[in-house]
Structure formats: structure tokens, C-alpha cells
Amino acid sequence: MNTTERIQRITSWISHYAETNNIGSLVVGVSGGIDSAVVSTLCALTGKPTHVLSMPIRQKQDQHDKSVEHCLSLMNRYENVYWETIDLTDAFESFEKLFTSDNGLAFANSRARLRMTTLYQVAQDRNGIVVGTGNKVEDFGVGFYTKYGDGGVDISPIADCLKTEVWEMGKELDVRKEIIDAAPTDGLWDDARTDEDQLGMTYPELEQAMKHSEQDTRPEDPKELKNLMKFLSMQQRAKHKMDPIPVCMLGDEQ
């Protein structure tokens, strides 16, 4: 499937889902990254009311600027797009003060969950659904998302797309070059660390390792083999996110 076909297929899929389920609007959190830029543009292409939310929490200025510039660009191009910024910094810092712990990962995940709560507040207010922005490597490869945070969505239109495919869609959808060229980041840390900093691999390397895993092949190149081992380790640690919630099945026994 080429890039144009992929865009058309996803746009039609979103439209069909919304129409079948009597959905009034689409709600997308926009971070200034390529995934949310592509998803929000795909939603806009459906012609359905699309609400794009920028939700800074002590955000680095350049990240927030990319988010705002993308939202403004969408509004200029599509009459069905509505944008608002909801600054969650005060709400997060009030939450943060309730704890004596300084666990950075726990607070990073809490930022994502606060954003998820905000998206659902807006979605329910506007008869909408929350549209996810996770790609295939993140959602089904290494579980690089927050459980009940950015993983808490109603539909996932690009979850069967590799990151490199998302970049290609971004180019065809005329997403701003600054966003396409920017180093991917989840925007959940005060030090603005990138995805590569956290994962220890580039997305092309992750995709290559995922391909070996899916095909059950063992690469001969030592670096590729090391990446595969790292990929499998991350996948195992994140298995609880990607599997259905375990249920204690009692059957007919009392």
C-alpha cells in the first residue's frame, strides 16, 4: 500500500466508525510531534468537527510552539477544525505537591493521565471520541506509552503504521517541516529527553528489530542482534500494557 492509499484508507475508516456509532466530533491531543500532527490532519480530512487540544505541562517552549503552529495551520486549512490550549501546569503541580516521592517516571505517567482525563472531558462535552496517536512500534512493539494515559483512547487510526510510514504520511499531508524533522519526544519530562534517549534505539532500528521478532529470525549483524535482544526485553517488560486485563475466571463454581 502506498502512502496516498494509506491516507485514504485511514480517513475512510475514521469516517465510517464515526458515522456508524453516531459520533459528533473527533478530539485529538496535539503535542507538536509527528504522530499527533498526522492523526489530527487525518481527522480534519474527514470533514467532521475536529477538536485539537494543546495541553502544556511545564512544556519546553519549542515543543509548545510546534503544537500551536500546527493547530493554527490546521485551522487555516480546514473549516471543521477547532483549537484550544488548556494549560495543565497548575493542575499537575497541585497534584505533585500531594506526594513526597520524587519518582520521575511516576510523575511523567501522571502527566499523560491528566491529559487523557482532559481529552475525555472535552470529548464527552462535545459528543466526541478521543482519537489515539500511537503508532505500531509504540503500541504493539515495545509498549512505549502510558497505561491509561496516551494509551487511553477510543480509536487508534495509525496503530498499524510504522513510524517511518507516519513520517511519509506527514510529508504527503504537508505537515510543517519543523515537526517532520524534529526528534520525536513524548514531552513528559522537564529535561525534554527524546524518545531515542529513552528507548536507546532509533525508530528505524526498532522497526528492524520488530521485523526480526515477527518473522522469528536471528540477525547475523552483531548490532542488529543486540537491538533485537533489547527490543524483546522492552516488549516483555511492557507486556502487561499490551495484553488484555487479566480476569479471575470462576466459571460456575461458587
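Read-outs throughout are calculated quantities, based only on the coordinates presented, and are distinct from any laboratory measurement. Note that the structure is predicted; figures quoted are calculated from it, not measured. Here the Cβ positions follow ideal geometry from the backbone for every residue, glycine too, while neighbour counts run over all protein chains shown.
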Amide H contacts under 5 Å for H51, placed H, 5+ residues apart: L26, V27, V28, Y82
As an exercise, identify the GluC sites (Glu not before Pro) in segment 42-128 lying in DSSP coil whose Cβ has no more than 11 other Cβ atoms within 10 Å. E79
How big is the dipole moment of the chain about its Cα centre under a simple scheme where the beta carbon of each Lys and Arg is +1, that of each Asp and Glu is -1, and everything else is neutral? Debye, nearest 20, please. 100
Dipole of segment 3-193 [Lys/Arg +1, Asp/Glu -1 at C-beta], most positive-end residue of V166, Y17, I155: Y17
Could you pull out every whole DSSP H run in the chain that spans at least 15 Å of Cα extent along its own axis and averages 1.0 or higher on the Kyte-Doolittle scale? 34-45
Packing-based ranking, highest mean first, of 132-139, 168-175 given that Cβ atoms within 10 Å are counted: 132-139, 168-175
Taking the Cβ-Cβ separation of E172 and T20 as r and a Förster radius of 30 Å, what is the calculated FRET efficiency to the nearest 0.05? 0.65
Mind jotting down the distance between the C-alpha centroids of segment 112-129 and segment 7-62, whole Å? 13
For segment 1-132, alpha-carbon Rg relative to the globular expectation (2.2 N^0.38 Å, N residues): 1.14
Descending semi-axes in whole angstrom, ellipsoid equivalent of the chain, from the Cα gyration tensor: 27, 24, 22
